[in-house]
1. If you go through segment 1-27, how many residues are within 13 Å of the ligand (Cβ to nearest atom) and either more than 29 Å from residue 240 (Cα to Cα) or part of a strand (DSSP E or B) (or both)?
2. Restricting to segment 21-80, give me the number of residues that are at positive phi and more than 19 Å from the chain's Cα centre (by Cα).
3. Quick check on my filter: what residues within segment 214-232 are under 20 Å from residue 34 (Cα atoms) and either in contact (Cβ under 8 Å) with a residue 60 or more places away in the chain or within 18 Å of the chain's Cα centre (by Cα) (or both)?
4. Which ones in segment 189-213 are out of contact with any strand residue (DSSP E or B) (no Cβ under 7 Å at 6 or more places or on another chain) and in contact (Cβ under 8 Å) with a residue 12 or more places away in the chain?
5. Restricting attention to segment 191-216, and to residues there that are closer than 21 Å to residue 158 by Cα and part of a loop (DSSP other than H, G, I, E, B), which single residue is farthest from the ligand (Cβ to nearest atom)?
6. Collect the residues in segment 217-230 that are surrounded by 14 or more Cβ atoms within 10 Å (Cβ to Cβ) and part of a loop (DSSP other than H, G, I, E, B), keeping them in residue-number order.
7. When residues of segment 233-263 are filtered for being without any contact (Cβ under 8 Å) to a residue 24 or more places away in the chain and within 23 Å of residue 3 (Cα to Cα), how many remain?
8. Within segment 208-224, can you find the residues that are over 18 Å from residue 272 (Cβ atoms) and in contact with a helix residue (DSSP H, G or I) (Cβ under 7 Å, 6 or more places away or on another chain)?
Ligand SMILES: [Zn+2]
């Protein structure tokens, strides 16, 4: 049975990009925090199924809850970085982005007591507008990135990018890109492995999609979820209709669904997957060679 990669983006319900402008950053500290309890619930579920996961922790959360970061590491999981302040990459300057990922890496490494080598951008916001971020990540010592979603979406995605993990070489150094999983139906890449797609679409969609990646492509799937997605009691915030639907739909059913997923498939950390796949990864995929930027 193929071992897939499990990942959790550790942030609170009010950090989510859909609430940008609705909960200003200046109010974050006064909001009821539920991230520790929700993450611990996920840790308990993973223990139950003997699964290790990668946790992309938001630096802002790690700074306020270093013990949570330490607990994640001590329970055998990988601590990785979700940046510091949950700002979309394409809304930042290059130097602001550098400060953000450097600050997150330093404080997460301090709390976890081990090296942090993986990064995932808020809302998968490495897009054609922000490909320069890959160079910054290499310079800041990240070994892999999981921010380029090979789909079409209103806020993120590069639909022509490779669906499978690949290596991007830049001036003698490299970074490995690990995209969240999709399956191809005709000319379209369809997301099959996580977040809203996992909560909103019926469970058999995810099971079918991961099965398809595992059996047809003989490749591991990369799955992702957030701690707030197993918390149906979280305070309701006001967003637009689409945002509310994407954030709140089926929160009450997600934990049971996750348990089903963990029974149906095997999972381990993204780091494990990257380490094992390193030699087989195609060097400079067709997409990476045509990256429309240079320096
Ligand atoms: Zn996030």
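1. So the answer is 4.
2. 2
3. 224, 225, 226, 227, 228, 229, 230, 231
4. Residues satisfying the conditions are 196, 199, 200, 203, 205, 206, 207, 208.
5. 192
6. Correct list: 217, 219, 220, 221, 226.
7. 1
8. Across segment 208-224, there are no qualifying residues.
The values are calculated or read from the model by the stated rules, or taken from the named source; none is laboratory data. It should be emphasised that the depicted structure is a prediction, and the values quoted were computed from it without experimental measurement. Counting neighbours? That spans all protein chains shown, and the Cβs are built from the backbone with ideal geometry, glycine included.
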